[in-house]
Every structure is written in structure tokens, then in C-alpha cells.
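Comments concern the structure below.
The values are calculated or read from the model by the stated rules, or taken from the named source; none is laboratory data. Remember, it's a predicted structure, so these values are computed and weren't measured experimentally. Quick reminder, even Gly has a Cβ in these numbers, built from the backbone with ideal geometry, and neighbours come from all protein chains shown.
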Amino acid sequence: MTHARAHNQSPRRAARAFTVIELVVVLGVVAVLIGLIIGVGPRVVDNQRAQATRTLIGALDRMLDEYMQDNAGRPPRYDSVQYELVPGRFLADSPNSDENLREQYPSGSSRFHIRHPDAAIFLRQAQASLGAGAITRDLPERYLVRTNTFSTDAGTGSQEEGLGALTVLDAWGAVDPGWQESGLGLPSDPPPRSAWPVYGATFIHYVHPENELAQELYGRCLNNRPYFFSAGPDRRFGVTHQLNRANPGVRNASLRDDALKALDDNIYSYEPGPVNRSEGFGNNFR
């Protein structure tokens, strides 16, 4: 009797032990899966955004094709003055700073070139040539925004806010959290698109073959054709002031190297020629 009772109990104890081991294994598998999801999830999202941005840039490039076909193969006219009051000027740490808008390049030259050439200028030219329908047909509405402009009354000094240039955000076009950390007072949630904050917003750049500074910064135009590009997942275009907001006028070797690394994930309408990696250029212009 005793032997039979012991014989009958041992399978039940073995079954309980196996269940606990099985539970531990399952928990271990779940932990591994959670780790994989946490690690892979952001990459999946970035891949989706990258594809959306490539599609967006491709639409701009097709619009450029249409423009050039209608204008004897010539790209739109380039004039640095056109970039006044478009969002690119507000990428500086101060809206009043022109350092990152128009800069004399090369040193000693009387010509000005644009450091942050916003695609807003191309949209303006394309609309004049092709009509507004080309823009609304080819570009998803959620990527089109009008940014704020501020005009100052010379007599009273008062500022009036208005809607500025129509521009194109990339798929990472939300406000860069770094700008909130810098104490510029951005709200945690972006306001309506009609009042999109230009600080930290990542929008498409448009590099013209006559814009010498932008070509040295981001890559040479090929065959006299402009190109479009996005800053990519890191939201850094490849200039030192984005990495050094506390002292935007300071450029050094470390900042220059980090700015050059920021170019690696940029997304282009075509692979441009090489950027200027020289120390002299980096110290003075990047």
C-alpha cells in the first residue's frame, strides 16, 4: 500500500516541476521577443519614414522634370535674395541671425550663397510655371505647410505675424526635441499646420547648381541638375550649428567631424558629387 501510494504521487510531482520549467522558458522567450520588438520597432518606423520621404522627393524630382521640359531644359533661376523669409533662415539659433541664411562664399567674394536652401523656393517657381495643380497632385497634403513670418513696422517697432512660404516637410517633420531642451520654449505638442514652428522642423532642401556653398556642404550637382534632399532620421543636415546650439558661431574639429557624420543618413533625389571635407572649409563654413 505504501509503495503504491508513493508510486502514484511521483508523476504528479514530476508534472508540477515540468510546468514550472516550462513557465520559465516561456517567460524567457517573451522577454527575448520584447527585447527584439523594442530594438527593431524604431528601425521599422524609420524605414517606413525613409520610404515615404523617398517617394516625396521623387515627386519633387518629377515636378522638376516637368519644369525643365517646359523651359528648354533649364533649371529654375537661382537668386539668393529669393530665400528671404523662407523657413531656412530660422534654422539659426536666433531668427535675427543671417549666418545660416545668406553667406558670402567664397571668402572675399561679393556673391552670397544659401546655407539652408528650402524647397519652398522651388515650389514657388514650379507653381508659377506649372500651376498649383502640379503641387497638389504630386505632393501629399500632410507634408505641405505654410510657416510663420514676422514683419516689423519701422515706425512703431511692432511685429505682425503672417503666413509665409509654402514648404515641404520630410517624414520626420515633427519638432526636434533638442530645440525644446535648448530652452526656446516650444510647446510639447505642435500647433496647427498653419502655424508650424520652424525651429527644428525638418523640411526638404533644394540644392541648385549655382548655389556654391550648399554644394560644398551637401554634395555637388551633376549635369547642371538641381537635387532635393532630406536630413534623414537624425534630422541633422550636416552643419555644425545644429550640433552646437549653445555657441552657434564656434566651429572646431570635433563639431566638423560630427557634422560630416550627420550627412551619412541624408536622403537624396540622386547621389550627388562629393562634399568639401577640407579642414579650412569646415572651420569657416560647415
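Some observations on this one:
- Residue 108 vs. criteria modelled with pLDDT under 85, closer than 23 Å to residue 139 by Cα and not in a strand (DSSP E or B): no
- Residue within the stretch 148-157 that is of a type in the set (A, V, I, L, M, F, W, C) and modelled with pLDDT under 90 present: yes
- Options 61, 65; residue that is surrounded by fewer than 13 Cβ atoms within 10 Å (Cβ to Cβ), at pLDDT 90 or above, assigned to a helix (DSSP H, G or I) and not aromatic (Phe, Trp, Tyr): 65
- Residue, nearest to the chain's Cα centre (by Cα), within the stretch 228-254, restricted to residues that are within 19 Å of residue 277 (Cβ to Cβ) and not in a loop (DSSP other than H, G, I, E, B): 229
- Matching residues, the stretch 266-275, being surrounded by fewer than 19 Cβ atoms within 10 Å (Cβ to Cβ) and either small (Gly, Ala, Ser) or modelled with pLDDT under 95 (or both): 273
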